[in-house]
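Worksheet for the structure shown next.
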Amino acid sequence: MLSSGADHRRIGRVAIVHEWLTTMGGSELVLKEMLAVYPEADLFALVDVMAPRDRELLGLTGRTVTTSWLQRVPGIGARYRALLPLMPSAVRQYDLRGYDVVISNTHAVSHRVRVPKNALHLVHCCSPIRYAWDLREQYLRESGLHRGVTGVLARAMLDWIRDGDARAAQLPHAYAAISRYIAERIERNYGRSTTIIYPPVDVEYFTPGGLREDFYVTASRMVPYKRIPLIAEAFARHLPDKKLVIIGDGPEMPRVRAAAGPNVEVLGAASREVLRDYLRRARAFVFAADEDFGILPVEAQACGTPVIAYGVGGARETVIEGETGLWFSKQSAEAIAEAVRRFEGISFDSARCRVNAERFSIPRFRDELVRWVDSCLRDAKDQPPRANT
């Protein structure tokens, strides 16, 4: 397995285009390993307001990041999502002349960059932009933009973004998807085939240890689609004799605290070390999101902990039903509670959970990324340059 940087002398000058640098998330963990593979690459991002601790975790300390004009907008760290309609234009202002390979790490607009005629443009896709495609109506409801004249204007704006997105998606040379679930979404929305490269999970850090205790755990950024209030409600209302620990913070925190009962401990934001400790000791990790991949369920399994997950999306690829966890079929408190009761009647092997998680290791990701880029370079030699307008 590959564990060090790729040979830049062989592939030339590399640019990595990331969406925005604000907080740590799954796409940032992917970025970290991309930069480890291509340490001499130049990094581009629309906005960079990342905290020093997160910069250090990503290996960005001392690294220059080329940002867009959006960086100069006052209060951009709190407002950047509201400027989504301006991002396609902003991302096309990067000067990428002189680069041989451009890798876009995208879930929104970074694949819409303008690349030089003879450069190879590769897209590592976490998802086609959710706001405009599959989660459009959910996004509008949760943003309060689904009714009246505002709703009409918001839908027209998203239609415009989606049309431009579909056109731009035809220009890159190749796509890689983070899961079969996303590969199918890319095929459906863009008509593009993909190579699947699962995200990197630090299974060398998340390892078994300690004694199991009688509680369940969930952890996440507290944003609406993660459904953390629903998990809190399931335990508070339907499983009052079971203990749940919730780790994380975010805009949904007031709803989480309102749903929590005496048997639900809301820990709030916690360090990586604390998260690992709870994952090692919990009976199971509970996961209710419709997720593109989902790194936390894999981290739980790396600790030998089975997962009780909503059985759609990435969870169907990372959790083996009946072996490393269970799926439930509805995003409802009742369905979660029923799955927990069913879980308690089944014995799960921690070692099997661990072996399953090892399929998603960091060395595996690095190796597959390099193989994909090298394969695309070979293929590009036999293809005419693509116009990029």
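The values are calculated or read from the model by the stated rules, or taken from the named source; none is laboratory data. Worth saying up front: this structure is predicted, and the values here are computed from it rather than measured. With ideal geometry, Cβ positions are generated from the backbone for all residues, glycine too; neighbour counts draw on all protein chains shown.
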- Message: Please go through the range 147-181 and give me each residue that is of a type in the set (D, E, K, R) and either closer than 17 Å to V115 by Cα or surrounded by 13 or more Cβ atoms within 10 Å (Cβ to Cβ) (or both), ordered by number.
- Response: R155, R162, D165, R167, R180
- Answer from A51, A78 - the residue that is in contact with a Ser or Thr (Cβ under 9 Å, 6 or more places away or on another chain) and not assigned by TED's automatic domain parsing to the domain that holds R272: A51
- Collect the residues in the range 227-270 that are touching a residue at least 60 places away in the same chain (Cβ under 8 Å) and farther than 13 Å from V217 by Cβ, keeping them in residue-number order. R227, L230, E233, A234, R237, H238, L239
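Quick grid of which residues meet (1) closer than 19 Å to S271 by Cα; (2) in the same structural domain as A302 (by TED's automatic domain parsing):
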residue: R155; (1), (2): no, no
residue: A176; (1), (2): no, no
residue: Y181; (1), (2): no, no
residue: R188; (1), (2): no, no
residue: P208; (1), (2): yes, no
residue: L230; (1), (2): no, yes
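Residue-wise test of (1) in contact with a Lys or Arg (Cβ under 7 Å, 6 or more places away or on another chain); (2) at positive phi; (3) surrounded by fewer than 15 Cβ atoms within 10 Å (Cβ to Cβ).
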{"position": "R212", "(1), (2), (3)": "yes, no, yes"}
{"position": "A219", "(1), (2), (3)": "no, no, no"}
{"position": "L239", "(1), (2), (3)": "no, no, no"}
{"position": "I247", "(1), (2), (3)": "no, no, no"}
{"position": "L267", "(1), (2), (3)": "no, no, no"}
{"position": "R281", "(1), (2), (3)": "yes, no, no"}
{"position": "D290", "(1), (2), (3)": "no, no, no"}
{"position": "L296", "(1), (2), (3)": "no, no, no"}
{"position": "E299", "(1), (2), (3)": "no, no, no"}
- Tell me the helices (runs of 4 or more DSSP H) entirely within the range 312-389 that contain at least 1 residues that are modelled with pLDDT under 95, under 28 Å from A36 (Cα atoms) and of a type in the set (S, T, N, Q). 362-380
- Message: Contact list please: Cβ distance under 6 Å, first residue in the range 183-212 and without any contact (Cβ under 8 Å) to a residue 60 or more places away in the chain, second residue crowded, with 20+ Cβ neighbours inside 10 Å and part of a strand (DSSP E or B), pairs at least six apart or on different chains.
- Response: A183/A177; R192/Y175; I196/A177
